[in-house]
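The values are calculated or read from the model by the stated rules, or taken from the named source; none is laboratory data. These numbers come from a predicted model, not from an experiment. In this analysis, Cβ positions are derived from the backbone assuming ideal geometry, glycine residues included, and neighbour counts consider all displayed protein chains.
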Amino acid sequence: MSKINYDLSKIKGIAFDVDGVLSPSTIPLDISGKPSRMVNIKDGYALQLAVKHGYKIAIISGGDCDAVRVRFAALGIKDIFMKCDIKINFLREWMEIHGLSEEETAFVGDDIPDFEPMKHVGLAVAPKDAAAEIKAIATYISPVNGGYGVARDLLEEIMKAQDNWMSSAKAFGW
């Protein structure tokens, strides 16, 4: 039985914000003011496994960072949207391209720019340290902070519910 109060068997597509979700909310800056991102290896494992199992995965971020593009493309994610001023527009476009309904889609966000996308999916997910407004509309609040395994937590639950977690040789490699 899943800890998420949603019929996870419906989920076919999952979209993630980056800063505060796939990386911690605190971002170090180099001397020129350029931000760096940290990523979670267990998130990476779950993301690449989800891609191998045919889930549609998207990155929808307001930021613009080549390292983010490179990292997530290396995991097999093809739909990477950066510099998204109004995220709902990118989410709707991605859902339309892949034929995803709201009930088949999850969005993981942590702050006000994620509010509208979270209102237009079946499964709205927030990390433990998300903004209060985001937690108030989330279907599920992960027990971990952003950047510390939110994707792994969610994807493991979805894939277990659909019998795709540790179910084939795909699970035991990168």
**Message:** Considering only residues that are in contact (Cβ under 8 Å) with a residue 12 or more places away in the chain, over 15 Å from Pro127 (Cα atoms) and among the aliphatic types (A, V, I, L, M), which ones fall in segment 148-174?
**Reply:** Ile158, Met159, Ala161, Ala171
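Matching residues to (1) touching a helix residue (DSSP H, G or I) at 6+ places or on another chain (Cβ under 6 Å); (2) within 22 Å of Trp165 (Cα to Cα); (3) not aliphatic (A, V, I, L, M):
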residue	(1), (2), (3)
Ala58	yes, yes, no
Asp64	no, no, yes
Ala67	no, no, no
Arg71	no, no, yes
Lys78	no, yes, yes
Phe81	yes, no, yes
Cys84	yes, no, yes
Asn89	no, no, yes
Met95	no, no, no
**Request:** Just give me the residues in segment 24-56 being in contact with a helix residue (DSSP H, G or I) (Cβ under 8 Å, 6 or more places away or on another chain), among the hydroxyl-bearing types (Ser, Thr, Tyr) and part of a loop (DSSP other than H, G, I, E, B), in sequence order.
**Result:** Ser36, Tyr55
**Request:** Of all residues in segment 61-82, count the ones that are in a helix (DSSP H, G or I) and in contact with a strand residue (DSSP E or B) (Cβ under 9 Å, 6 or more places away or on another chain).
**Result:** 4
**Residues of segment 4-23 that turn out to be part of a strand (DSSP E or B) and hydroxyl-bearing (Ser, Thr, Tyr), as a count** = 1
**Request:** Restrict the check to segment 59-68 and report whether at least one residue is modelled with pLDDT under 95 and either buried (at least 19 other Cβ atoms within 10 Å of the Cβ) or within 21 Å of Gly173 (Cβ to Cβ) (or both).
**Result:** yes
**Item:** Residue in segment 137-160 that is surrounded by the most Cβ atoms within 10 Å (Cβ to Cβ), counting only those that are touching a Ser or Thr at 6+ places or on another chain (Cβ under 9 Å) and charged (D, E, K, R)
**Value:** Asp153
**Prompt:** If you take the residues in segment 5-38 that are of a type in the set (Gly, Ala, Ser) and touching a Ser or Thr at 6+ places or on another chain (Cβ under 8 Å), which one is surrounded by the most Cβ atoms within 10 Å (Cβ to Cβ)?
**Reply:** Ala15
**Prompt:** Can you tell me which residues in segment 89-136 are of a type in the set (Val, Ile, Thr) and surrounded by fewer than 16 Cβ atoms within 10 Å (Cβ to Cβ)?
**Reply:** Ile97, Ile112
**Message:** Tell me the residue from Val21, Val51 that is in contact with a Pro (Cβ under 7 Å, 6 or more places away or on another chain), closer than 24 Å to Ala171 by Cα and either of a type outside the set (Gly, Ala, Ser) or at pLDDT 95 or above (or both), please.
**Reply:** Val21
